[in-house]
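To keep things clear, I will list the structure first and then write my remarks on it.
The values are calculated or read from the model by the stated rules, or taken from the named source; none is laboratory data. Because the structure is predicted, anything quoted here is derived from the model rather than measured. Backbone-built Cβ (ideal geometry, glycine too); neighbour counts: all protein chains shown.
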Amino acid sequence: MRNFIPCFALFRTLLERSDHYVMEHAQRFQVDESHNHLHSRQVLYYTKEILQQRPPIKPYDMVMASLGAVLHDVPDSKYIPQHQNTPVLRHAIETILPWSLHSTLGADLEKMIPHLSFSKTVQKQGDRLHYTLPEAMKNFAHLDTYHVIRQADLLSSYHTKRTLLYRMHKNQYKLSKEDALEEARDLFRDRMALLRPSGMFDKDIDHHLAKPLEKKALERWDTIPSSFPTWEAMLDHFEMDPEESWEKTVDDLEFFLKKNMGTVNL
């Protein structure tokens with residue numbers, strides 16, 4: 001209880017600090033839109049949606065899930081050198097959290113976030129994907145929270161626009177529309193299209209969240225015109241962001257947190 005009260009009282013402030021930090025981090029390390037604060041907000045939205053599908057969780061875990069969703073890509077080796085991953089993540093946590101939470105919530109976030117990476121935990125084996133729980137997470141006290149964020153990030157991968165944006169960034173915007181589209185199609189076939197058949201989601205998440213997203217994504221691929229006149233037209237075709245503002249997501253999470261305060265033990 002002693003360490004949780006500041007989390008509750010500062011919940012919105014901590015999310016706002018995290019969001020602002022991710023914006024500045026993106027500018028500093030030239031993180032493109034596929035992994036910047038817009039993506040983090042998307043993962044936060046899906047985190048909220050997952051939490052609403054589940055029985056109430058401890059408020060501490062809800063705070064951890066929310067902050068972890070926003071900060072999950074801070075130590076991404078696609079944008080920062082591998083040796084800077086831990087120092088950069090630690091700096092983010094120490095900047096965002098009050099000192100009183102560094103040894104509790106901060107320590108849990110620092111332990112969990114580096115193990116959320118899809119590429120480090122999922123491998124393709126034949127026509128299926130296989131997830132391996134990292135060794136460091138096997139005795140983690142908040143494993144359910146870890147899986148909430150991990151699956152929220154998987155849900156965001158159905159947004160093909162992110163794949164196209166990353167391909168553009170990676171190739172310094174020299175890739176043709178046709179080549180970018182083909183690379184995105186290959187990735188969708190080898191990864192996103194295999195998520196549900198491979199059992200990558202919990203049953204309730206698969207039915208209520210992943211299935212509708214997969215359907216929308218497939219509809220985008222099935223209705224591609226013969227050509228796109230501009231990059232913007234191609235990106236617009238694959239647009240399927242949540243029809244909800246970041247402020248609405250935070251409002252809902254804050255309400256959910258207050259409600260859970262009275263239904264579960266801290």
Being more than 17 Å from the chain's Cα centre (by Cα), closer than 26 Å to Arg162 by Cβ and either crowded, with 22+ Cβ neighbours inside 10 Å or not hydrophobic (A, V, I, L, M, F, W, C) (or both) narrows it down to one of Gln27, Gln52, Gln42, so name that one. Gln27
Scan (1) loosely packed, with under 14 Cβ neighbours inside 10 Å; (2) among the charged types (D, E, K, R); (3) out of contact with any strand residue (DSSP E or B) (no Cβ under 9 Å at 6 or more places or on another chain); (4) closer than 28 Å to Lys216 by Cα for the single condition Lys124 breaks and write down its number. (3)
Check Gln123 against each of (1) in a helix (DSSP H, G or I); (2) over 23 Å from His208 (Cβ atoms) and name the one condition it does not meet. (1)
Which residue out of Asp186, Asp153 is outside any loop (DSSP other than H, G, I, E, B) and farther than 30 Å from Ala65 by Cβ? Asp186
With respect to Tyr131, determine if the residue is touching a strand residue (DSSP E or B) at 6+ places or on another chain (Cβ under 7 Å) and either in contact (Cβ under 8 Å) with a residue 60 or more places away in the chain or surrounded by fewer than 17 Cβ atoms within 10 Å (Cβ to Cβ) (or both). yes
Is it fair to say Arg12 is of a type in the set (D, E, K, R), modelled with pLDDT of 95 or more and either buried (at least 21 other Cβ atoms within 10 Å of the Cβ) or not in a loop (DSSP other than H, G, I, E, B) (or both)? no
Selection within the stretch 219-257 - more than 24 Å from Lys48 (Cα to Cα) and either under 19 Å from the mean Cα position of the chain (by Cα) or among the hydrophobic types (A, V, I, L, M, F, W, C) (or both): Trp221, Ile224, Phe228, Trp231, Ala233, Met234, Leu235
The stretch 37-72, residues that are assigned to a loop (DSSP other than H, G, I, E, B) and modelled with pLDDT of 95 or more: His72
Out of (1) outside any helix (DSSP H, G or I); (2) in contact with a Leu (Cβ under 7 Å, 6 or more places away or on another chain), the one Pro197 does not meet is (2)
Positions within the stretch 226-255 being surrounded by fewer than 13 Cβ atoms within 10 Å (Cβ to Cβ) and within 17 Å of Glu183 (Cα to Cα), in sequence order: Ser226, Ser227
Against the conditions (1) among the hydroxyl-bearing types (Ser, Thr, Tyr); (2) surrounded by 18 or more Cβ atoms within 10 Å (Cβ to Cβ); (3) within 25 Å of Ile205 (Cα to Cα); (4) modelled with pLDDT under 95, where does Ser119 fall short? Just the number, please. (2)
If we scan the stretch 58-66, do we find a residue that is surrounded by fewer than 19 Cβ atoms within 10 Å (Cβ to Cβ) and closer than 20 Å to Arg12 by Cβ? yes
Kindly provide the set of residues from the stretch 197-222 that are under 21 Å from Glu239 (Cα atoms) and surrounded by fewer than 16 Cβ atoms within 10 Å (Cβ to Cβ), ordered by number. His208, Lys211, Pro212, Lys215, Lys216, Leu218, Glu219, Asp222
Complete set of residues in the stretch 134-145 that are assigned to a loop (DSSP other than H, G, I, E, B) and surrounded by 12 or more Cβ atoms within 10 Å (Cβ to Cβ): Pro134, Phe140, His142
Single residue of the stretch 89-104 satisfying the filter (aliphatic (A, V, I, L, M) and touching a residue at least 24 places away in the same chain (Cβ under 8 Å)) that is nearest to Ser117 (Cα to Cα): Leu89
